[in-house]
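Down below is the structure, laid out as structure tokens.
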Amino acid sequence: MNYKIRKAAQKDMGQVLNLITELAVFEKEPDAVEITEADLKRKGFGSTAEFDCFVAVVDEKIIGIALVYTRFSTWKGTVLHLEDLIISKTMRGHGIGSALLDQVILYGAELGVKRICWEVIDWNTTAVDFYERKGARVMRDWNVVQLDEQGIKNYITKIN
């Protein structure tokens with residue numbers, strides 16, 4: 001399998017969105033994706049880009065992505081967050097996930113980050129095993145905490 005890993009371009013965002021949607025379906029949340037191609041183009045490029053994205057490409061078709069952004073840890077300093085590592089279902093098992101993860105790790109080292117972190121859904125044992133084989137520590141004693149848009153609104157009504 002001949003594929004190329006490169007930094008994403010604005011023109012790639014339609015295909016990137018397709019993979020994001022494919023992941024949402026896989027994670028049993030097919031209607032959860034609210035972001036648009038235009039949002040990705042606006043938020044991912046220019047002087048105020050909010051994320052970086054690497055893509056795996058075969059014959060101009062994007063078959064995998066790794067979307068990352070920096071954040072700040074009060075314990076460590078600058079860290080890199082891997083929001084999603086997605087390989088199209090039909091392309092798994094060809095080393096593409098490893099190549100994208102390698103790119104993320106190299107990028108984090110280039111930035112000089114103190115940690116690279118991400119979440120993995122607990123029932124995706126294939127992904128959990130993959131990350132553990134790569135040397136990542138899956139911290140099963142931590143819980144992800146979120147407030148969605150409605151939760152934010154509800155919270156604000158309680159404090160006003």
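Taking residues in the range 126-141 that are modelled with pLDDT of 95 or more, and partners anywhere that are exposed (fewer than 11 other Cβ atoms within 10 Å of the Cβ) and assigned to a loop (DSSP other than H, G, I, E, B), not one pair has Cβ atoms closer than 7 Å while being at least 6 places apart or on different chains. The single condition among (1) without any contact (Cβ under 8 Å) to a residue 24 or more places away in the chain; (2) surrounded by 15 or more Cβ atoms within 10 Å (Cβ to Cβ) that Phe72 does not satisfy is (2).
The set of residues in the range 22-38 that are in contact (Cβ under 8 Å) with a residue 60 or more places away in the chain and closer than 17 Å to Met91 by Cα comprises Glu22, Leu23, Phe26. Taking (1) closer than 19 Å to Gln103 by Cβ; (2) within 13 Å of the chain's Cα centre (by Cα) in turn, Met13 satisfies each apart from (2).
Number of residues in the range 1-21 that are of a type in the set (S, T, N, Q), closer than 19 Å to Arg92 by Cα and assigned to a helix (DSSP H, G or I) equals 3. Considering only the range 132-154, state which residues are among the aliphatic types (A, V, I, L, M) and either assigned to a loop (DSSP other than H, G, I, E, B) or within 19 Å of the chain's Cα centre (by Cα) (or both). Scanning the range 132-154 gives Ala136, Val138, Met139, Val144, Val145, Leu147.
The single condition among (1) surrounded by 13 or more Cβ atoms within 10 Å (Cβ to Cβ); (2) free of Cβ contacts under 8 Å to residues at least 40 places away in the same chain that Leu147 does not satisfy is (1).
Contact map, the range 39-62: first residue at pLDDT 95 or above and of a type in the set (Lys, Arg), second residue surrounded by 15 or more Cβ atoms within 10 Å (Cβ to Cβ) and assigned to a loop (DSSP other than H, G, I, E, B), Cβ cut-off under 9 Å, separation 6 or more or different chains; pairs are Lys43/Phe51; Lys61/Ser88. I'd like to know if the range 102-116 contains one or more residues that are out of contact with any helix residue (DSSP H, G or I) (no Cβ under 7 Å at 6 or more places or on another chain) and loosely packed, with under 10 Cβ neighbours inside 10 Å. Yes, because at least one residue in the range 102-116 is out of contact with any helix residue (DSSP H, G or I) (no Cβ under 7 Å at 6 or more places or on another chain) and loosely packed, with under 10 Cβ neighbours inside 10 Å.
The values are calculated or read from the model by the stated rules, or taken from the named source; none is laboratory data. In this text, all values refer to a predicted model and were calculated from it rather than measured experimentally. Positions of Cβ are backbone-derived with ideal geometry, glycine not excepted, and every protein chain shown enters the neighbour counts.
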